[in-house]
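Report on one structure; see the data block that follows.
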Amino acid sequence: MKEILLQIDGKEVKATEGMTVLEAARSADIFIPTLCYHEKLKPYGGCRICTVEVEVRGWTRPVAACLYPVEQDLKVRTRSEKVDRIRKMILELLLAHAPYSIELQNLAQEYGADKDRFEKESSFCILCGLCVRYCAEVKKKHAVGFVKSGAKREISFIPEISSKECWNCKECFPLCGTSYLQAAFVLAESLAFSSASSKNATEK
Amino acid sequence: MPRIDSAAELEELRKGILSKRDPNKPYIAICAGMGCHGLSNDRIITAFEEEVKKQDLKKKVDIRATGCHGFCEKGPIVVIYPEQICYVEVMPGDVPEIVSQTVLGKKVIDRLIYTDPNTGEKAAHQSEIPFYKNQMQHLINNNTKIDPKSIDDYLAIGGYSALSKALLEMSPEQVLEEIKKSNLRGRGGGGFPAGKKWETARNAPGEEKYVIVNSHEGELGAFMDRAIFMGNPHSVLEGLIIGAYAIGSHQGFIYTRHDTPQLKNNIDIALAKAEEYGLLGENILGSGFNFNVEVHFDIGIFVSGESSALMKSIEGKNPEPRAKYIRTSVRGIWEKPSNLNNVETWANVPLIINKGSEWYASIGTERSKGTKLISLSGNIVNTGVAEVPFGTTIREIIYDIGGGIPNGKKLKAVHFGGPMGGSIPESYLDTPLDFDELAELGAPIGAGSMLVLDEDTNMVDVIRFFLDFLSNESCGKCVPCREGIRQMLKIVTNISEGNGREGDIQLLEEISEVAAAASLCALGKTASDPLLSTLRYFRDEYEANIK
Ligand SMILES: Cc1cc2nc3c(=O)[nH]c(=O)nc-3n(C[C@H](O)[C@H](O)[C@H](O)COP(=O)(O)O)c2cc1C
Ligand code: SF4
Ligand code: FES
């Protein structure tokens, strides 16, 4: 593996080819906030809270640290006025959905985000996709998935699969940064599982 | 049909087709494009077929159901050759008269010819109608000359001669050089230099490479890709094969609309015919070059036209964009180098190879070369598809070709590029059609849809419409786009309903900045462009509704 030297916040960091900026930063104990990142999962790039500024050949631009591959001599700034503005807005947009999330509240404090900037939305999910991806990539069950697109996107338990698989697993529950996942599960359980399992029963 | 194995055999075949055709034999070209199709032109086609049969003229008259002629406003359009007499708004009942009077009697039927609503002047021939007269057509003009289902028709107008030249007389490097020198820029929205993209894909490591036609055409108000691809599918295919040769690809994909079965049908026929003739498949034209094409249906959501989402969709996955820190021309479908171009971009390729990059680069402006297909819609007299050289002013397009604004209204704004584009006000009408000049004004041309808006238009409502569209048609994966658009739509809706609040404009600008900087794909990055262009030129309309 080729060794790559880059600079993060003025500090020389050693990385290897194929690593992302986020991985390089973590290996050097430099903190970059994340919401949709998880070591066991493929980088997703959904929350954008990990946005940092990189400078390549004199050109500065914001990128997602969890996806951006390290390059020789890359200069990374994990905090700047612009980065902070982006993170603040992202937090405010998410707090409209999940105002009680401790994870979001802590970050909000750091970035001066106002949890009441936008009108509250009834959904508590921030659509980080940790549960969906954990179930697909690690458990390979696909019991929970995304449905619909754009502003209507939601997570949804697939009753046929989850009524069989979820009882003994529930490994995705602690990944959720809000309490939405468990609520969605309980809802699916009460509404759909009984009919899904009774269907199974009658089929047998 | 025996397959063609050399340039000589291709020319032999072409000669054979032409020798059986009498250039003076009358033929009736009936538009079967998207616009006219909606006007049940199939009844007209049937009527002509029946009339020709009834009068026993099968040997004397040819009928062609052709692709879009562009003048959709006046459809269904029927053109009688060789005189090029153009009839507009033809009804099935007119058909017997057209056959007897015009096709046989060579007389013009006054009632069916075009009358200029502004001057009252009549025009019997296509070339005299202002809509056509003021265009420069190098692509769409062939639509009236061919039946899209007939490869012989395409060969009769010189089809596949560029392919023969490229494969048999040029090296892949020479083809690439020619495209680079032509300065051809992508027509799908970004205006990225095609030659540069091809070169990246060509030089990218890996044996297996792909070339793709983007025929999703999701931009609202755009129908020029469909006009070209449905009307002249071989021209796009010929461009694609030439590109594949230059890039070193042996597998192509066509990503096309699932909701337009005639388009898919014409593409399928073109592929089958090209293969039968030895223009596709193994050892094309005896050159030793192999190339195959697969057709894929799009997912009917706007974001599936974005390159990385499109490629996921071809892989059979959800059309969700991915970060393109490594370009798709290096790592695309199944991680292989994949060169994606728009329908119109590909259609330009045979032209450049045939006529040379120098000729091509002589058309247009300093940095935007060739012609551009434009879809005209909104408050304009002539809706339809027009082709003009870059450098034509917006005023010329709207007034000389488009016939101006109907009902004596004044023009307020022209919106380019659909939901990721922007508007310019009347005072900028003398701006030339040019990728960079319009982008600088905040109204990038996008794929080429031009929505003309008259004085009665409320710009805030236009923006509300686009944001609403995007909030449904984005994928919803990333926060700045999904949540940013949600909130911008709420604010703009409030303003348009007269309930704007102090600070709303600043908040819109703040959300825009974050969406543009931090979104994952170009949809989110440019979703607020229409909004920003109207804040630039029509800010007072927002302010008027803020308490
Ligand atoms: C949201 C979104 C939708 C797009 N839709 C289309 C489309 O419908 N057709 C198209 O040709 N390009 C579309 N594009 C642009 C493509 O990503 C890509 O740049 C283009 O097909 C490349 O071809 P070109 O270089 O020949 O223009 C879209 C881009 C985005 C971000
Ligand atoms: S910018 Fe919008 S369309 Fe693109 S990935 Fe993000 S949510 Fe999806
Ligand atoms: S952690 Fe990088 S986008 Fe979510």
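Counting only Cα atoms, the size of the range B:1-121 along its three principal axes is 53, 30, 26 Å, in decreasing order. Filter the GluC sites (Glu not before Pro) in the range B:399-462 down to the DSSP loop ones having no more than 16 other Cβ atoms within 10 Å, then list what survives. Taking the range B:399-462 and a limit of 16 other Cβ atoms within 10 Å, the loop GluC sites (Glu not before Pro) found are B:455.
Among beta bridges from DSSP that stay inside the protein assembly as shown, the antiparallel ones total about 65%. Here the range A:3-111 yields Rg over Rh of 0.98, to two decimals, using C-alpha coordinates and the Kirkwood radius.
Taking chain B as a whole, the Cys residues whose C-beta sits 4.7 Å or farther from every other Cys C-beta are B:68, B:72, B:86, B:475, B:478, B:481, B:521.
Projecting the Cα atoms of B:251, B:239, B:385 onto the charge dipole of the protein assembly as shown, computed from C-beta unit charges around the Cα centre, puts B:251 farthest toward the positive end. Dividing the C-alpha radius of gyration of the range A:130-203 by 2.2 N^0.38 Å, with N its residue count, gives 1.09.
In the range B:459-546, the convex hull through the Cα atoms has an average projected area of 4.7 nm², a quarter of its surface area.
Only helices enter the 222 nm calculation for the protein assembly as shown: every DSSP H run of n ≥ 4 contributes -39,500 (n - 2.57), and dividing by all residues gives -10500 deg cm²/dmol, rounded to 500.
Partners of residue B:180 within straight-line reach, counting lysines whose Cα lies under 25 Å from its Cα and excluding those fewer than 8 residues away in the same chain: B:165, B:196, B:197, B:209, B:324, B:336, B:355, B:369, B:372.
Computed on the Cα atoms alone, the convex hull of the range B:407-530 gives a volume of 118 cubic angstrom per residue.
Under the combined filter of DSSP loop state and at most 16 neighbouring Cβ atoms within 10 Å, the range B:396-454 retains these trypsin sites (Lys or Arg not before Pro): B:409, B:410. Within the listed set A:163, A:27, A:149, the Gaussian network model of chain A (springs between alpha-carbon atoms below 10 Å) gives the highest mean-square fluctuation for A:149.
Restricting the calculation to Cα atoms, the range B:242-296 yields a radius of gyration followed by a Dmax of 12.0, 37 Å. With coordinates expressed along the principal axes, the C-alpha atoms belonging to the range B:159-361 extend over 42, 37, 32 Å, beginning with the largest. Expressed in units of 2.2 N^0.38 Å, where N is the residue count, the Cα radius of gyration of the range B:23-75 is 1.19. Here chain A yields Rg over Rh of 1.05, to two decimals, using C-alpha coordinates and the Kirkwood radius.
Average 1/r across all pairs of distinct alpha carbons in the range A:52-138, invert it, and you get the Kirkwood radius: 14.9 Å.
When the charge dipole of the range B:393-547 is built from unit charges on Cβ atoms (+1 for Lys and Arg, -1 for Asp and Glu) and taken about the Cα centre, the candidate among B:449, B:519, B:476 whose Cα reaches farthest toward its positive end is B:476. Arranged from fewest to most other beta-carbon atoms within 10 Å of their beta carbon, A:157, B:390 become B:390, A:157.
Here residue B:547 is the anchor, and the lysines within straight C-alpha reach of less than 28 Å, apart from those fewer than 8 places off in the same chain, are A:88, A:115, A:120, B:412, B:490. The charge dipole of the range A:86-203, taken about its Cα centre with unit charges on the Cβ of Lys, Arg, Asp and Glu (plus for the first two, minus for the last two), comes to roughly 260 debye. In this Cβ point-charge picture (+1 for Lys and Arg, -1 for Asp and Glu), the protein assembly as shown has a dipole of about 1220 debye about its Cα centre. Of the GluC sites (Glu not before Pro) in the range B:1-46, not one is in a loop by DSSP (not H, G, I, E or B) with at most 16 other beta carbons within 10 Å.
In this Cβ point-charge picture (+1 for Lys and Arg, -1 for Asp and Glu), the range B:159-361 has a dipole of about 540 debye about its Cα centre. Within the shell of other residues whose beta carbon sits under 13 angstrom from the beta carbon of residue A:139, the net charge comes to +3, with Lys and Arg scored +1 and Asp and Glu -1. The ranking of A:89, B:34 from fewest to most other beta carbons within 10 Å of each one's beta carbon is B:34, A:89.
For chain A, build the charge dipole from Cβ charges (+1 Lys, Arg; -1 Asp, Glu) around the Cα centre, then report which of A:100, A:113, A:161 sits farthest towards its positive end. The residue sitting farthest along the positive end of the dipole is A:161. Mind jotting down a quarter of the surface of the convex hull over the alpha carbons of chain B, in square nanometres, one decimal? So the mean shadow area of the Cα hull is 24.5 nm². Once the Kirkwood radius over Cα pairs is known for the protein assembly as shown, the Stokes-Einstein relation at 20 °C and 1.002 mPa s delivers a diffusion coefficient of 76 µm²/s.
No value in this document is a laboratory result; all are computed from the given coordinates. What you see is a predicted model, and the numbers here were worked out from it, not measured in a lab. Heads up, the Cβs are rebuilt from the backbone with ideal geometry, glycines too, and the neighbour counts pull from every protein chain shown.
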